[in-house]
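Step one of this worksheet: look at the structure below.
The values are calculated or read from the model by the stated rules, or taken from the named source; none is laboratory data. Model, not experiment: these values are computed from the prediction. In this analysis, Cβ positions are derived from the backbone assuming ideal geometry, glycine residues included, and neighbour counts consider all displayed protein chains. These accessible areas exclude ligands, DNA and RNA; they are computed on the full protein's heavy atoms, side chains included. Shrake-Rupley method; radii C 1.70, N 1.55, O 1.52, S 1.80 Å.
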Amino acid sequence: MRTENGALEGVENLKTVHRSVRRVDGLALACGTAQFTDDVDIRGLLTGKILWSPHAHARIKKIDVSEARKIPGVRAVLTHRDVPRVPRTTAGQGYPEPSPYDSVVLDDKVRFVGDRVAAVAADSPEIADKALAAIRVDYEILPAVFDPLEAMRKGAPVIHDQPDSKHIADAQKNIACKFDFEVKQGEWFSGADAIIDKTYKTQYAQHCALEPHVTITYLDGNDRLIIRTSTQVPFHCRRIVAQSLKIPIKRVRVIKPRIGGGFGAKQEIVLEDICSALTLATRRPVKIELTRKETFISTRTRHPSVIRLKTGVKKDGAITDALMEVVVNSGAYGTHALTVMMCAGSHTLPMYKIGNIRFDGRSVYTNLPIGGAYRGYGATQGFFAWESQMDLMAEAIGMDPVEFRRKSYIRAGETSPVFKAMGEGREGVPQTIVSSGLFEALDKALEAGGWAEKRRAYARQTGVLRRGIGLACLMQGSGIAEIDMGAATLKLNEDGSFNLLIGATDIGTGADTVLSQIAAEVLGVKETDIIVTASDTDVTPFDVGAYASSTTYISGHAVKKTAEKIREQILKVASGILDEKVEDLRLEGGMVAAKSGAACKLAEVANTSLYYRDQHQIIASASHFSHTSPPPFAAHVAEVEVDTETGQVTVLRYVAAVDCGTAINPALAEGQTEGAVLNGISFAMTEEMKFAPGGRTLNGTFRKYKLFNTLDTPPIVTILVPTYEPSGPFGAKSVAEISINGAQAAIANAICNAAGVRLYDPPFTPEKVLAALKKRS
Amino acid sequence: MLKNIEVFYFPETVKDAVRLLNRHAPHAAVIAGGTLITKSPNLSTRVLVDIRGIDMDYVKVQAGRLRIGARTSFQSLADSKLLQKWAGGALSRAAAAVTTHLIRNAGTIGGDVARALPYNDMPPVLMALDAEAVIVDGKKTRTLPVEEMVRGHMWRIVGRRALLTEFRLPSETRKRACAIARFARSASDWEAMVHAVASMEKSRGICRNARIVLGAVTRHAQRFPQAEAVLEGKPYSESLAAEAAQAVFDGLTPVSRASAEYRREVASVLVRRAIREVWNENETQQ
Amino acid sequence: MKPSNKGRKSAVAAIKVQDGWMTVETTVNGARQSWKIRPDDFLLDALRREGFKGAKKGCETGDCGSCAVLLDGKAVASCLLLAAQSQDREITTIEGLGTPSEPHPLQEAFVDTGGIQCGFCIPGMILSAKALLDRTPSPTEAEIRRALDGVLCRCTGYVKQVQAVKLAAERKK
């Protein structure tokens, strides 16, 4: 329901929500006083280090740590013989995790250059290095395979041949996971006037959160294991560490301090299990802090993909058929292998109105660094294929690419069979689109991008420098329907402030602020009256953690419900103080106000309830999960300039229009969009992990793997398109991931518009562009 | 790692610095900005000579010649008003293009030439402007062309037994027109793929004293006399620039890092553009 | 140890290593420090060990700028410099700019524009901005971007960070 000036009813009168309030942790971060994992000094802290495999595929025939253990200052050396062997997944997902149980804490086999071999804890980093150097390993080197298509062929080395793994789809063929579904409405391709059959390849990339992975573990006075770690998933971490080391969950506590970014690389148990094992072995605090190089190679990466898209389209613009074959390179282990592969389809296909649909997905093991969760989570790969193909289909039928898109996209009130067919690693949940700003975002992006004038102006260029403009539209999800759950607890203090205890995990996203705003809105206070304690498994209630764009939509709703319960309790006490009926009372400006004009401060309510009569703590908890995952939508427009003599492509301007429902904090929503967009742009232009023939990573440093700096960044224009999603708190959907999905397609489309060449394999390096230009002429 | 260091010295004169380097050779090393040496593992270094107290941070003109102290930081070069007027400001532009601001503030022109990694920014433009390096080795002071310095064996002793103190540019280079081009994967990339520098004197529409220098594509920055010969004594034209660029293309054997053929292609494109830019530079500059 | 004067016969100032340790005298945020360090300690490690946790370790190669501090007023990568190089110099860390109760205008501006997300790059970013504004009180956008080009941010796309520097410059007028 939109008012005249575009604001949404129900939103324009909000006091805190939908305002760009300052981050509640902003000053601490700006002043360097906020504490990240490594910003504490612990007495007796040992340095933990990991011995990494130099081979892509090998059995450990013998591992001799006797010399290492003798070195003075070495407190523990662990091999596969010294830790429990419990097959599990390291993927931070809800239990039971939809990823194969194909890894153990330390194994007698290594599966990629950078895999774990052993771990040491020592008095200093130098002594730890000496210990690593003194470990003697006898490897039986096995043949390795690096290409997923080759890995599936007969005769390829079997990477997971251990008998105790679980849920691997076909270990003999190195297929970690597979998923197929089909919706057939007629004979395949019989109604198509044109058929486009293309294969798109996306590359290995790494999240490059500025804070490398770091974990500190120690035993408290009760011999409980305390894990202080840079994680997106504290609760999954607790469970999986307990499972892996065969200790009871109640013995483990996970604390998340400030996190220097995650983007999915920390939706994973990367260090916590082995660090805990070292603490249990030594009874000492241990810190493992990865170098940037180790973070590149031995944490997680974005799954490379090969996506074949064969689509049929009619002259009138109807998409009659879509065959989507997805092969995802899982790397050495299958964490998130099923779900990322499925999201390439589940978070793309529903956006299009299609007749016959078939999705064929495989996640394949290779002896390369491990693919994991990475912002966008398969949709990023999927949209490169789909939104490139949209331009190709439009061209094939002689239709304007914008007009074609307007005909093809799902609208509010509509549904897609894909919602039911594809969930998170299992069957999904049917849903209908309730809120959609997709078409408005499209209009706004085109306008802000100067689409019409530029398409005209760039139609006939003759110079060395050619300009072009390209478009991509996107969707994502908001949490995982019927799986993701978050909870919150609120309690009232004497002065009218509140403690908000949330399992939800702020990794830089601003979750603490957004959730405070939601609580404050219901309670009639300022967000600065809310004191947040987050992500401590002993203290805060459960939350799945920061992934699947769930925090605002799911955890936010839990906070809202909790605040509403608190409101009831407050009003009950206040009605006694003011001698008014509860129905006549409301919360406003830190007060309880009556229709009659009488009022009292929250502090009075608090003191009454704590000290004066009918003493009780005003406190409540609530949980939330959703039966639906309403998609945010976006439209991106990229303008580029191609130097046809060098192949250099410069992104001149990038417009991102996003519908995230109600933006609880518009500045934060813009910030999320801007960061995701830039990550998408460098993923399109420069980022690519490279490997030597033997599987060693060649460019695992910031020196060789380039992120964009301030000078590389083009002007980014962000437009928030408000809609109202009734199932979300105050109408909110998600915003965290969607905008990383657009750049590869938008830029590929723009390059094609500029120079008449289409690239199917990002990054769009100058070399590739020049080669394509030469091939064309 | 510099694990075996026994002492840090802070000399205030060139003489003291060189004396210390000689006394402790081969275990001594100079530390200036500190952006390169600290990350190069050298277990044999036992003595570090920190030269920050020596008067080697200057840009001045003396007897018509340009003199740049070896310890001048890239940022100081970029900011120098004097340098902005020499050869059209090419040296200050090259210094301003060094990635990133953290390196520009600490790294020095001396370090850039003494440890001439293929992609360093200053050697090509210094060579294009006929710069010489002054090296004090014990009691001897040598002056040799930067071109020789980067190619020869001086790197073995400069910064270890001998001290590079300054660069000198002949007075006639002040009025040269000079264009620089830097091609890298991104602005954040320290390791340029190609540096191309073209400089010349333009007298009465004729090109004289052309210098064409490429950096980053070969082991050391390299002059291309064959390309220079194409231009020498002739009036500018697009086809002449293309011919010179072709001479570079034909004469270039990129060191075998990735994309050698591509870099050869880009090098010749950049040379052609640099020549055009130099020619079109406003002649009333100085 | 103060360097002695330029007399012909006077000894060159030196710091010796004894039993693997050496003492460095420096100034951090205006306060004199005397550090016992290893000769190959990097400045970043020494700062963090001495309690200046605002300087962060994001890489080992000087490429990310999370470790940036001001050395004699200029932004440098503290992970590349040896701690010993800070002898007799003045270092400014983020802690020296302001506190949550009394923030520096730049710190305030970064919070106001939303230029902070995870915060890991922020000390390096704000210190680099301070060095810029100290020299160039009214920088253009191009000058701002160039002065911050060594600090990488994966969260923000730099948009609101550049705005923050402009805002701080505006407010100072």
Next on the checklist: Looking only at region A:410-424, how many residues end up being in contact with a strand residue (DSSP E or B) (Cβ under 8 Å, 6 or more places away or on another chain) and either at pLDDT below 95 or surrounded by fewer than 19 Cβ atoms within 10 Å (Cβ to Cβ) (or both)?
Outcome noted: 6
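Considering every residue within region A:760-767, establish whether at least one is in a helix (DSSP H, G or I) and open to solvent by 10 Å² or more (accessible area, probe 1.4 Å). Step through it out loud before you land on a result.
Here is the first cut: in region A:760-767, the ones in a helix (DSSP H, G or I) are A:766-767.
Checking which are open to solvent by 10 Å² or more (accessible area, probe 1.4 Å) leaves us with A:766-767.
Checked region A:760-767: at least one residue is in a helix (DSSP H, G or I) and open to solvent by 10 Å² or more (accessible area, probe 1.4 Å).
Is it the case that region C:116-124 has a residue that's more than 7 Å from chain A (Cβ to nearest Cβ) and surrounded by 20 or more Cβ atoms within 10 Å (Cβ to Cβ)? Step through it out loud before you land on a result.
Kept after step one, since they are more than 7 Å from chain A (Cβ to nearest Cβ), are these residues of region C:116-124: C:124.
Okay, now just the ones that are also surrounded by 20 or more Cβ atoms within 10 Å (Cβ to Cβ), so C:124.
Checked against the condition, which is being more than 7 Å from chain A (Cβ to nearest Cβ) and surrounded by 20 or more Cβ atoms within 10 Å (Cβ to Cβ), region C:116-124 yields at least one hit.
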Checklist entry - Looking at region B:1-19, which of its residues are crowded, with 21+ Cβ neighbours inside 10 Å, facing chain C (nearest Cβ under 7 Å) and among the aliphatic types (A, V, I, L, M)? => result B:Leu2, B:Ile5
Item to check | Elements of type strands (runs of 3 or more DSSP E) in region A:137-242, at least 1 residues being more than 25 Å from A:Thr697 (Cα to Cα) and without any contact (Cβ under 8 Å) to a residue 60 or more places away in the chain | outcome: A:225-229
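I'd like the residue in region B:180-236 that is of a type in the set (Lys, Arg) and under 30 Å from A:Thr701 (Cα atoms) and, out of all such residues, is surrounded by the most Cβ atoms within 10 Å (Cβ to Cβ). Step through it out loud before you land on a result.
Of region B:180-236, the ones of a type in the set (Lys, Arg) are B:182, B:185, B:202, B:204, B:208, B:211, B:219, B:223, B:234.
With the extra rule that they be under 30 Å from A:Thr701 (Cα atoms), the set shrinks to B:182, B:185, B:219.
On the way: B:Arg182: 23, B:Arg185: 19, B:Arg219: 13.
In this case the residue turns out to be B:Arg182.
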Checklist entry - Do you know which of the residues in region B:46-67 that are touching a Lys or Arg at 6+ places or on another chain (Cβ under 8 Å) and open to solvent by less than 30 Å² (accessible area, probe 1.4 Å) is farthest from B:Gly159 (Cα to Cα)? => result B:Leu66
Checklist entry - Any residue in region A:729-736 that is more than 8 Å from every other protein chain (Cβ to nearest Cβ), outside any helix (DSSP H, G or I), closer than 19 Å to A:Gln203 by Cβ and polar (S, T, N, Q)? => result no
Next on the checklist: Can you report the number of residues in region A:289-323 which are of a type in the set (A, V, I, L, M), within 14 Å of chain C (Cβ to nearest Cβ) and touching a strand residue (DSSP E or B) at 6+ places or on another chain (Cβ under 6 Å)?
Outcome noted: 1
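Each row is one residue, and each column tells you yes or no for (1) open to solvent by less than 10 Å² (accessible area, probe 1.4 Å); (2) of a type in the set (Ser, Thr, Tyr); (3) in the same structural domain as A:Lys293 (by TED's automatic domain parsing); (4) not in a loop (DSSP other than H, G, I, E, B).
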| residue | (1), (2), (3), (4) |
| --- | --- |
| A:Lys62 | no, no, yes, yes |
| A:Gly94 | no, no, yes, no |
| A:Pro98 | no, no, yes, no |
| A:Val113 | no, no, yes, no |
| A:Val117 | yes, no, yes, yes |
| A:Ile127 | no, no, yes, yes |
| A:Leu132 | no, no, yes, yes |
Item to check | Filter result for A:Arg460 (out of contact with any Asp or Glu (no Cβ under 7 Å at 6 or more places or on another chain), in a helix (DSSP H, G or I) and either of a type in the set (Gly, Ala, Ser) or farther than 17 Å from A:Ile531 by Cα (or both)) | outcome: no
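Out of the residues in region C:20-67 that are of a type in the set (Lys, Arg) and away from chain A (no Cβ under 14 Å), which is surrounded by the fewest Cβ atoms within 10 Å (Cβ to Cβ)? Give the steps one after another, and end with the answer.
So in region C:20-67, the residues of a type in the set (Lys, Arg) come out as C:32, C:36, C:38, C:48-49, C:53, C:56-57.
Checking which are away from chain A (no Cβ under 14 Å) leaves us with C:32, C:36.
Working: C:Arg32: 8, C:Lys36: 11.
Looking at the filtered set, the residue picked out is C:Arg32.
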Item to check | Positions within region B:28-45 being over 19 Å from B:Arg104 (Cα atoms), within 11 Å of chain C (Cβ to nearest Cβ) and surrounded by 18 or more Cβ atoms within 10 Å (Cβ to Cβ), in sequence order | outcome: B:Thr45
Item to check | All positions within region A:100-111 that are in a loop (DSSP other than H, G, I, E, B), open to solvent by 10 Å² or more (accessible area, probe 1.4 Å) and either under 11 Å from A:Gly334 (Cα atoms) or in contact (Cβ under 8 Å) with a residue 60 or more places away in the chain (or both) | outcome: A:Val104
Item to check | region A:654-708, residues that are of a type in the set (Phe, Trp, Tyr), open to solvent by 10 Å² or more (accessible area, probe 1.4 Å) and more than 21 Å from the chain's Cα centre (by Cα) | outcome: A:Phe691
Item to check | Count - residues of region C:68-112 that are open to solvent by 30 Å² or more (accessible area, probe 1.4 Å), part of a strand (DSSP E or B) and either more than 7 Å from every other protein chain (Cβ to nearest Cβ) or in contact (Cβ under 8 Å) with a residue 60 or more places away in the chain (or both) | outcome: 2
Item to check | Count - residues of region A:83-92 that are surrounded by 21 or more Cβ atoms within 10 Å (Cβ to Cβ) and part of a loop (DSSP other than H, G, I, E, B) | outcome: 4
Checklist outcome for this item: Scanning region A:428-445 for residues that are in a loop (DSSP other than H, G, I, E, B) and open to solvent by 10 Å² or more (accessible area, probe 1.4 Å) gives A:Gly428, A:Val429, A:Pro430, A:Gln431, A:Val434, A:Ser436
